[in-house]
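For reference, the structure is listed below as structure tokens.
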Amino acid sequence: MKMLFALVASLAFQAGFAQDVVEAGLFSKLAPGGQPQAWKPLTFRNIDRHSSYTLVSEGGVTVLKAEADASASGLTRDLTALNLNIRDTPILKWRWKVANLVKNADIHTKEGDDYPARIYVTFRYDPEKAGAAMRMQYGMVKALYGDYPPHAGINYVWDGKAPAGTMVPNAYTARAMMFVVESGAKRVGEWVEVERNVYEDYKRAFKEEPPPVLGIALMTDTDQTGEAATAWYGDISLRKKP
């Protein structure tokens with residue numbers, strides 16, 4: 001009986017903690033070398049040259065180093081099993097650093113869709129809640145790639161030109177909204193801490209209630225411009241609103 005009580009109490013504590021903080025990327029608790037096992041490669045059709053991601057020690061703390069050289073790929077953390085409602089843990093918190101900007105990037109064009117650092121939250125597609133046109137479109141994508149794409153995505157980027165606070169649709173799809181949270185060279189080479197209310201950003205971007213969270217991804221990419229970029233990512237978490 002004591003063992004059963006202890007187990008129930010432990011599970012209750014863990015569930016309560018998980019509701020307060022979801023540690024999507026606890027890189028600081030990992031050893032340097034290789035990639036974080038909980039994160040999987042995110043690659044794209046017709047892009048053969050991939051960016052590299054390696055856990056490294058920075059000031060005695062393990063962080064994720066990203067390097068792109070005319071390349072594009074990312075890492076993604078699948079959070080589907082948690083069935084997260086972003087209203088419960090809306091605050092996305094992370095820190096990042098970039099070594100340089102992408103000179104010829106342009107947030108408004110496909111040819112300039114490159115960023116030294118980006119973090120994004122994706123949301124699950126539910127065919128039962130979609131209209132006929134969307135079901136047809138998403139069904140075609142599933143037939144080609146084997147799975148549905150996200151219903152929508154919120155991208156937080158470090159851009160070289162567009163001012164912080166800019167919100168624009170991605171050049172490839174209006175289902176991904178770009179938020180510039182850091183801009184220009186003033187803080188290049190410095191660690192920058194960021195907090196965003198993803199729930200409020202989603203409502204502002206798409207004028208609807210968000211579906212459950214699909215996952216969190218990060219990417220350093222320069223495939224469009226052919227340039228090179230280096231970035232570092234610290235711990236990433238979703239938290240309750242203070």
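Could you order peptides 104-115, 168-179 by the average number of other Cβ atoms within 10 Å of their residues, highest first?
Working: 104-115: 18.3, 168-179: 16.6.
The peptides rank, most packed first, as 104-115, 168-179.
Taking the Cα-to-Cβ direction at Arg204 and at Arg187 and moving 7 Å from each Cα, how far apart do the two end points lie in nm?
If labels sit at Arg204 and Arg187, their model points lie 1.6 nm apart.
Quick one: if you stick a label point 7 Å off each Cα along the C-beta vector at Lys240 and Glu67, how many nm between them?
4.3
Work out the length of the dipole vector of the range 24-239 about its Cα centre, built from +1 on the beta-carbon of each Lys and Arg and -1 on the beta-carbon of each Asp and Glu, and round it to the nearest 20 debye.
360
Which entries of Lys40/Lys93; Lys97/Lys240; Lys29/Lys207; Lys103/Lys241; Lys29/Lys203; Lys93/Lys207 have Cα-Cα distances beyond 31 Å here?
Lys29/Lys207; Lys103/Lys241; Lys29/Lys203
What do you get for chymotrypsin sites (Phe, Trp or Tyr not before Pro) in the range 187-242 restricted to DSSP loop and a cutoff of at most 16 other Cβ within 10 Å of the site's Cβ?
On the way: sites: Trp191, Tyr199, Tyr202, Phe206, Trp232, Tyr233; in loops: Trp191.
The qualifying sites are Trp191.
With a cap of 11 neighbouring Cβ atoms within 10 Å, and only residues DSSP puts in a loop, list the GluC sites (Glu not before Pro) found in the range 151-242.
Glu190, Glu208
Between Val194 and Asp48, what is the spin-label point distance in nm, taking each point 7 Å from the Cα along the Cα→C-beta axis?
According to this spin-label approximation, the distance is 3.2 nm.
Read-outs: derived from the displayed coordinates by stated rules, not from any lab. Here the structure is a predicted model, which is why all the values come from computation and not from measurement. All Cβ positions, even for glycine, are placed from backbone atoms using ideal geometry, and neighbour counts span all protein chains on display.
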